[in-house]
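I have placed the structure first, in the form of structure tokens, so that the comments after it can refer back to it.
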Amino acid sequence: SLVNQVVSHLVQAIRSKDGAFSSIERQSAGSYYERVKISEPNEFDIMLVMPVARLQLDESDDTGAYYYLTFKRNPKEKYLLKFLDEDGKLSAFKMLQALREIIKQEVKNIKNVEVTVTRKKAGSPAITLQIRNPPSEISVDIILTLEVQQSWPASTQDGLKIEQWLGTKVRRDFKFRSLYLVAKQNKREKVLRGNTWRLSFSHIEKAMMNNHGNSKTCCESDGPKCCRKGCLKLLKYLLEQLKMKYPKELEKFCSYHVKTAFFHSCVMWPNDTDWHLGDLDHCFHKCLGYFVECLQKSQLPHFFIPQYNLLSLEDKASNNFLSRQLSCQLNNRFPIFHE
């Protein structure tokens, strides 16, 4: 409720301050809202979503995930023209900076709770708030997101292979949903100019997590229960614990790696009978085994953009390090869970 109070205050202020942001809507993303949060609810992801009618997307590299955005002729969104860079590309950096300034000014007006904006992390798409909530702190990542009403780009064509798992109709419905782009710096660019945007599928991921069954009644109040979410929670917890133990060696990894491996597992074992609630132990081992294989091959295709490998070969050493740590945990009955 504290987070809601702070974010609602900010959204109203942002809408009234700058015409460019007058149409933003808040949307919750991330593990807390997918009901797969594993530790204290002290980290939240809030997307500030801005509807945009039409954009031209040009790939910025061969991943199929990062794009330069330009407007078609005479855009409806005149108020966004001030965020174009000298090449006429919509600058994520300029937009984030403007949004950040409004938020920095506005947190001073939030009375009954202490909110600060943390220092900008290079390349991060988020504006991070710290909310003091004695005896602890809550951190809220605000992510600027464009919602574009147009068909998904070609790079997504062969992704989202959920026909066997969730059905052809569900896949078709998902593909008709709008396209999300987040202000994310593409690290592969030679010159970092802050004008790339990355596709985001968090709205689809949330829908898949919340209706994850092969049968429509899976995990509903009167339906059979499965262990899919339990598996994902354990995988995330395991990675989180290892990251705390080896922060340097594992800094490249985040929960999205695990989540992607988990979605691929759901496709490999599409039936609810593969995920009986009582088989959590067995299913967790299967998912983990698959993730370890991916690490050994340095090959984990993005679930929606199959050409985009989330484990690059340059990071082979850290991929191997994590795969050894995971295998060691697996073979010794997860000592890290008891530490």
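The values are calculated or read from the model by the stated rules, or taken from the named source; none is laboratory data. Since the model is a prediction, treat every value here as computed from it, not as a measurement. Note that each Cβ is placed from the backbone with ideal geometry, even for glycine, and that neighbours are counted across all protein chains shown. The area values use the complete protein model at the heavy-atom level, side chains included, leaving out ligands, DNA and RNA. Shrake-Rupley method; radii C 1.70, N 1.55, O 1.52, S 1.80 Å.
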Calculated [θ] (222 nm, deg cm²/dmol) that DSSP helices of n ≥ 4 give over the chain, each run adding -39,500 (n - 2.57): -11000 deg cm²/dmol
Percent accessible area from carbon and sulfur atoms, region 215-337, protein chains only, probe 1.4 Å: 55 percent
Ordering of 2-11, 214-223, 199-208, 240-249 by packing [mean C-beta count within 10 Å, highest first]: 199-208, 2-11, 240-249, 214-223
Region 208-216 - phi-based ³J(HN,Hα) in whole Hz, Karplus 6.51/-1.76/1.60, Gly and Pro as x: 5, 5, 7, 10, 8, x, 6, 9, 6
Compactness of region 215-337 as Cα Rg over 2.2 N^0.38 Å, two decimals: 1.08
Under-5 Å amide H pairs with T128, H placed in peptide plane, nonlocal only: T118, I142
Aspartates and glutamates whose Cα lies under 19 Å from that of K108, excluding same-chain neighbours fewer than 8 positions away: D18, E137, D141
Violating pairs (Cα-Cα greater than 22 angstrom) within the set K233/K286; K82/K104; K17/K78; K17/K187; K248/K286: K17/K187; K248/K286
Accessible area per residue, Å², region 74-124 with all protein chains present, probe 1.4 Å: 62 Å²
Cross-link partners of K169 among aspartates and glutamates (Cα-Cα below 17 Å; sequence separation of 8 or more within a chain): D158, E205
Cα-based equivalent ellipsoid, the chain: semi-axes from gyration tensor eigenvalues, Å: 33, 24, 21
Shape of region 2-200, Cα gyration tensor, a/c cut at 1.5: oblate
At q = 0.17, 0.27, 0.29 Å⁻¹, base-10 log of I(q)/I(0) for region 292-339 (Debye sum, equal scatterers on each alpha carbon): -0.56, -0.90, -0.96
Spin-label model distance (nm) - R100 vs K175, 7 Å beyond Cα toward Cβ: 3.8 nm
Cross-link pairs beyond the 23 Å C-alpha cut-off, checked among K94/K206; K161/K229; K89/K184; K161/K316: K94/K206; K161/K316
Accessible surface of region 2-200 [probe 1.4 Å, protein heavy atoms]: carbon and sulfur percent: 48 percent
